[in-house]
Amino acid sequence: MYTCICNAIKEADLRKAARQHRGGAESVYAKLGKRPNCGQCLEEAQYVIAEEREALAEPMVAA
């Protein structure tokens, strides 16, 4: 699924970049070599980035 249509940034690519780079949505976009155009995606992108980083912070629980 695309998070940013203007830059063709897929959610999976955004999540990977969020794991490798600190900062907000605009900073992570820059890591991908992109920058926001219309800006409509920034709120969703920030949510995805925060969700990914939260998941990294949680320890894995063995079943």
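The values are calculated or read from the model by the stated rules, or taken from the named source; none is laboratory data. Everything numeric here is computed off the predicted structure, so don't read it as measured data.
Here are some notes:
- Residue in the stretch 42-50 that is charged (D, E, K, R), over 10 Å from the mean Cα position of the chain (by Cα), at pLDDT 95 or above and assigned to a loop (DSSP other than H, G, I, E, B) present: no
- Scan the stretch 1-33 for residues that are of a type in the set (A, V, I, L, M), over 9 Å from the mean Cα position of the chain (by Cα) and assigned to a helix (DSSP H, G or I) and the total you get is 1.
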